[in-house]
Structure formats: C-alpha cells, structure tokens
Amino acid sequence: MQEKLKKIREEAMAQIDHAEVLDRLNDVRVSFLGKKGELTQLLKSMKNLAPEERPAFGQMVNETRAQIETHLEKAMKVLEEKALEQQLKAEEIDVTLPAKKNPVGHRHPNTIAREEVERIFIGMGYEVVEGPEIEYDLYNFEKLNIPANHPAKDEQDTFYINKDIVLRTQTSPVQARVMEQGKLPIRMICPGRVFRSDEVDATHSPSFHQIEGLVVDKNITFADLKGTLEQFAKEMFGENTRTKFRPHHFPFTEPSAEVDVSCFKCGGKGCRFCKGSGWIEILGCGMVHPHVFEMCGIDPKEYTGFAFGVGLERIALLKYEIDDMRLLYENDTRFLKQF
Ligand code: DAH
C-alpha cells in the first residue's frame, strides 16, 4: 500500500511539473484528487486493511493529498502569472503610434452663407420660417400673380408631380402662405431648396437654394426696402459696399427691381470677378403687388410691404470666390474643408 501511495504521489508530482497550461493542471487534479481519482480510490480500499492499520494509512493518504494540493497550487500560480504576462504582452499599447483620427464634419459653404444671412436678418427683427418643397401650383404661381399661360411660367419650368402639384421653383410661395395666416405685421425670411428643370452647368443646377424675405405693415415704402437691402449688403459683403437698384419685372411685385452690389473684389473699378462692370447682381425685389395682397386676404389700402429673393448659392460662390457651382454639390471634403 505504501509503495502504491508513493507511486501515486510521484506520478502526480511529475504530471504537475509537466503541465504547461492551466487546463492541464485541472485534469491532473481531477484524475488524482477527484471523486473518482486515484487517491480517493485508495482511501476506499482501506476497508481491506486490518483495523489497527487503518488510522496510520489514512493519515498517510491525507498527507500525500496535502502534498499534491500544495504542489498543484504553486504550479497554478506560476501558470497564472505566465498567462497574465502573455496577455499583457499581446495587448501592449504603443503610445508612440499615431492616433486614429475621427474625421469631424464641416459646415458646407451653403450652410455658412445661409447662417450668415439669417444672422443679419434676425438682427433686424426678422423671423425665420419654412415652407414645403413640394408645393401647389396655386401657391407657386397663381397666388403670386402668375396665372396659367403667363410667360413667367416658361422661365421657371419645373418638375410636376401632377397638374396641380409641383416641386417649387422659388421660395416666394411661402410669402403667400405666411400672408394667408393673417398675423400682421410680417417680418420674415424663408431659406429653402427650390427646383427647376435646368441643365447642370457652372451656374445652373436643377436643385438649388433661395432665401425669401417679406415685410408687411402699415406705411412700408420703397425707402424701407432700399435701406434694408443696403444694410444687408454692407453686413454681408463689407462696410464699403454700395448698392444699385435696377428696374425689373416680377409678376408679384410692383414696382420691382434687381439689386447689384459694388464688386467687393475691386471696389467697383472693374475686374475679372465682376466682368469689368464693377457691379455684381445679387437679388430680385419689389413692393408686394396689390393683387397678391388681395389673393392672400390682406387689404392693400391698409397695408403695404416689400419682398426679396436671394439665391443662396450665388451668395456662397461670391463670398468664397468659387467659380463653379457644381463644386458645391460634389461633396469632396478636400474642397469643402477650405471654408
Ligand atoms: N422668386 C424670384 C426668382 O426666383 C426672386 C424674387 C424676386 C423674389 C422678387 C421676391 C421678389 O420676393 O420680390 O427669380
């Protein structure tokens, strides 16, 4: 029996010494100390011994068990430390490696220009409103004094959803929508996307943006319109900017004008930027047509007002000296991040 016990102990110790991974140590534990393990079996065979031999034998088995357990624990500690060391090595962080950059977005030149226009008009007490991009023909044309077969409809050919519903060609229909609400006085701007069936080139796109403006109150005159747009031009393009109002025609305003600003590149002397004229056209405007007021439920004898419409891309291209509108839509970050 003693021989057997010694053999078991030596065998267990040898297997523990050879174990290279923790799992293997566990196997050793089970096969020697477990319920069906060799030591346990030996203990069970004690009943074959003479009763007086049993206590001494029992003690020997327990001692052997303790020795194996101590050895196992030591080996386990060593292997655990080794495993941790390997893990740390594998997960080592090289603080000298270049960081992975998270590319942060950038505001689009259109957005920057829109926010600038909004800032200027909010400063003058205007409200910023929105209107639908899919619009009734009624609002896009009829209520703006552009009846069926009016030649202005030709210039603003668009995408028809059906005979009564279009993709709006201008932000002007929002004028009619706001006036119809009947809350007076009105002082609003409305930025938004508009559509026309235009071919893409350096200055045209089937989808672009406008900012509409509308003021309605008692005693509003053309002088208010001029003063407002002059102030806008100065804030947008610089303190020395001069404005010029050229007579023009829009169906929904009377009188109407187009506004030029003195070239902020050459100061008005004439350069490549302003094509030698010293002036750059930036918007259309006028006094709200009495007929438009009537169609929108406002009494033109009591109220007057002015309106204007700015092309947002035009402002962005001018402000950032971009010579091709297509660049604004390509979303090439190398281009966009310059602004
Ligand atoms: N909607 C016009 C266009 O797209 C621009 C415009 C001109 C708007 C005069 C106005 C205005 O409000 O009064 O060409």
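Looking at the stretch 90-127 only, could you name the residues that are over 22 Å from PHE339 (Cβ atoms), of a type in the set (A, V, I, L, M, F, W, C) and surrounded by 11 or more Cβ atoms within 10 Å (Cβ to Cβ)? If the condition is that a residue be over 22 Å from PHE339 (Cβ atoms), of a type in the set (A, V, I, L, M, F, W, C) and surrounded by 11 or more Cβ atoms within 10 Å (Cβ to Cβ), then MET124 is the only one that fits. Across the stretch 120-139, the number of residues qualifying as away from the ligand (no atom under 13 Å from the Cβ) and within 21 Å of SER256 (Cβ to Cβ) comes to 2. Just wondering, is there one or more residues in the stretch 149-163 that are touching a helix residue (DSSP H, G or I) at 6+ places or on another chain (Cβ under 6 Å) and either among the aliphatic types (A, V, I, L, M) or open to solvent by 50 Å² or more (accessible area, probe 1.4 Å) (or both)? Looking through the stretch 149-163, none of the residues is touching a helix residue (DSSP H, G or I) at 6+ places or on another chain (Cβ under 6 Å) and either among the aliphatic types (A, V, I, L, M) or open to solvent by 50 Å² or more (accessible area, probe 1.4 Å) (or both). Within the stretch 197-227, track down each residue that is under 25 Å from ASP157 (Cβ atoms), at pLDDT 95 or above and within 13 Å of the ligand (Cβ to nearest atom). Hits for the stretch 197-227 are PHE208, HIS209, GLN210, ILE211, GLU212, GLY213, LEU214. The residue that is nearest to the chain's Cα centre (by Cα), counting only those in the stretch 234-260 that are buried (at least 18 other Cβ atoms within 10 Å of the Cβ) and away from the ligand (no atom under 16 Å from the Cβ), is MET236.
So which of GLN338, GLN231 is among the polar types (S, T, N, Q), more than 16 Å from the ligand (Cβ to nearest atom), out of contact with any Pro (no Cβ under 8 Å at 6 or more places or on another chain) and closer than 24 Å to MET188 by Cα?
GLN231
Among the residues making up the stretch 112-136, those that are part of a helix (DSSP H, G or I) and either modelled with pLDDT under 90 or touching a helix residue (DSSP H, G or I) at 6+ places or on another chain (Cβ under 9 Å) (or both) are ILE112, ALA113, ARG114, GLU116, VAL117, ARG119, ILE120, PHE121, GLY123. Residues in the stretch 276-317 that are away from the ligand (no atom under 13 Å from the Cβ) and under 15 Å from ALA233 (Cβ atoms) were compared, and the one that is most open to solvent (accessible area, probe 1.4 Å) is TRP279. The number of residues in the stretch 84-102 being farther than 30 Å from THR333 by Cα and part of a loop (DSSP other than H, G, I, E, B) comes to 4.
Is it true that GLU142 is away from the ligand (no atom under 16 Å from the Cβ), under 28 Å from ASP224 (Cβ atoms) and assigned by TED's automatic domain parsing to the domain that holds PRO185? Steps first, please.
On the way: away from the ligand (no atom under 16 Å from the Cβ): no; under 28 Å from ASP224 (Cβ atoms): yes; assigned by TED's automatic domain parsing to the domain that holds PRO185: yes.
Here the answer is no, as GLU142 does not meet what is asked.
Counting only residues that are under 30 Å from ARG119 (Cβ atoms), free of Cβ contacts under 8 Å to residues at least 24 places away in the same chain and within 13 Å of the ligand (Cβ to nearest atom), the stretch 148-190 holds 0 of them.
The values are calculated or read from the model by the stated rules, or taken from the named source; none is laboratory data. This structure is a prediction, so every number in the text was calculated from the model and none was measured. In this analysis, Cβ positions are derived from the backbone assuming ideal geometry, glycine residues included, and neighbour counts consider all displayed protein chains. Only protein heavy atoms, including side chains, enter the accessible area calculation; ligands, DNA and RNA are left aside. Shrake-Rupley method; radii C 1.70, N 1.55, O 1.52, S 1.80 Å.
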